[in-house]
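Colleague: To start, I am sharing the structure in question, which I have written as structure tokens.
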Amino acid sequence: MEELLEGLCRMSALGISDFLDRRFQAVRQSKDHRWDTTGIGSVAYSTHPISSALVRWPFQLFLLLVAAVFYRSGIMSVQVFTDSTRDYAFGPYVHYRLETLLTRNGTFGSQLVGSGLSDFGVLGLNKCSPQGSFRPDDILTANVSWSAGSSIVATYPGDGVSMTGWYMHTGNEANSQAMDPAFYIVWGTNETPELGDGSCAVSKDVEKWNPNPRVDVSDWCGARWERVAQPTWTYGATSFWGFQQLPVSLPLERGSEGLVTILLQPPWYHYVLYWIVGDISSAFACVLSVSSAVLTRA
């Protein structure tokens, strides 16, 4: 004990104890950077590991790289949203076909006797059905609707039209709610279908209903059809439309009173809040953390 006290007295006389106390205090406050040459693992033993890591240039470089990744993702999301919602979603096509695969009461396959709809067509840039438009769409021409098998087809004479969505009317017959389509696919083609005796339009007989696998192209009555819509869909940062295999429920009203319009465009705030705000905020937080650490160290 005497030797310890003697050593402390000598250190105090030489001023060494005060130097060590100041050094320890500086390290605790992350103001002593002479340990920068030590391994990054030493951060784990610090009393303020995050603050200590932020003043290390390897960690700052890592945060800047993370910020660049988030910023790039946010910019790409903005570009995808702009390109996908500026004009039309799909088209142009001369024929659009809505194929019913499952009805409200569970009918499917060869048991289907019709589409369950009284009218069907696509939406133009005004994004309104013909019944809901104040003035006719100058680009979207009047369509001719006709039914075959479990499908209803909307034909647009000439060079065809592009679409931003579609509209449909439920069946006109009273108490026909059971035959409303619960799952369907909208197809488009520029080829001319040949119905013949109509057998090509009849739905195939299947033992168990199963959502149509993610097929983008289908052959129907001598024409090659491309999938353009389904009742439910999601949107992403790189591939905007992700069609889902989920059934829906149409209104119980009949005919034109059962009008349904579906836009292939989400509200801008849904997309911005989910895909853009998070990425840009994360990038800003990384840059702000590095900037604060550099200014504090300076």
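The values are calculated or read from the model by the stated rules, or taken from the named source; none is laboratory data. Just so it is clear, the model here is predicted, and its values are computed rather than measured. Glycine also receives a Cβ, built like all others from the backbone with ideal geometry; neighbour counts cover every protein chain displayed. Each accessible area value is taken on the protein alone, full model and side chains, heavy atoms only, with ligands, DNA and RNA left out. Shrake-Rupley method; radii C 1.70, N 1.55, O 1.52, S 1.80 Å.
Colleague: Considering Leu250, Leu195, which residue is more than 30 Å from Ser84 (Cα to Cα) and either modelled with pLDDT of 90 or more or open to solvent by less than 60 Å² (accessible area, probe 1.4 Å) (or both)?
Modeller: Leu195
Colleague: A follow-up question, please. Looking at Asp180, is it charged (D, E, K, R) and either surrounded by 14 or more Cβ atoms within 10 Å (Cβ to Cβ) or touching a Leu at 6+ places or on another chain (Cβ under 8 Å) (or both)?
Modeller: yes
Colleague: Being aliphatic (A, V, I, L, M), without any contact (Cβ under 8 Å) to a residue 24 or more places away in the chain and over 18 Å from Cys128 (Cβ atoms) narrows it down to one residue among Leu246, Leu273; which is it?
Modeller: Answer to the selection: Leu273.
Colleague: For segment 48-93, which residues satisfy the criterion of being at pLDDT 80 or above, small (Gly, Ala, Ser) and part of a helix (DSSP H, G or I)?
Modeller: The answer is Ala67, Ala68, Ser73, Gly74, Ser77.
Colleague: Right, something else. Looking at segment 125-137, can you tell me whether even one residue there is in a loop (DSSP other than H, G, I, E, B), open to solvent by 40 Å² or more (accessible area, probe 1.4 Å) and either touching an Asp or Glu at 6+ places or on another chain (Cβ under 6 Å) or among the aliphatic types (A, V, I, L, M) (or both)?
Modeller: Yes, segment 125-137 contains a residue that is in a loop (DSSP other than H, G, I, E, B), open to solvent by 40 Å² or more (accessible area, probe 1.4 Å) and either touching an Asp or Glu at 6+ places or on another chain (Cβ under 6 Å) or among the aliphatic types (A, V, I, L, M) (or both).
Colleague: Which condition number in (1) touching a Phe, Trp or Tyr at 6+ places or on another chain (Cβ under 6 Å); (2) open to solvent by 40 Å² or more (accessible area, probe 1.4 Å) is the one that Thr100 fails?
Modeller: Just one mismatch for Thr100, condition (2).
Colleague: Next up: Could you please let me know if Arg224 is open to solvent by 10 Å² or more (accessible area, probe 1.4 Å), among the basic types (Lys, Arg), under 24 Å from Ala89 (Cα atoms) and part of a strand (DSSP E or B)?
Modeller: yes
Colleague: Looking only at residues in segment 209-221 that are under 24 Å from the mean Cα position of the chain (by Cα) and surrounded by 14 or more Cβ atoms within 10 Å (Cβ to Cβ), which one is modelled with the lowest pLDDT?
Modeller: The qualifying residue modelled with the lowest pLDDT is Asn212.
Colleague: If a residue has to be closer than 21 Å to Thr170 by Cβ and surrounded by 13 or more Cβ atoms within 10 Å (Cβ to Cβ) to count, how many in segment 254-273 make the cut?
Modeller: Of the residues in segment 254-273, 10 are closer than 21 Å to Thr170 by Cβ and surrounded by 13 or more Cβ atoms within 10 Å (Cβ to Cβ).
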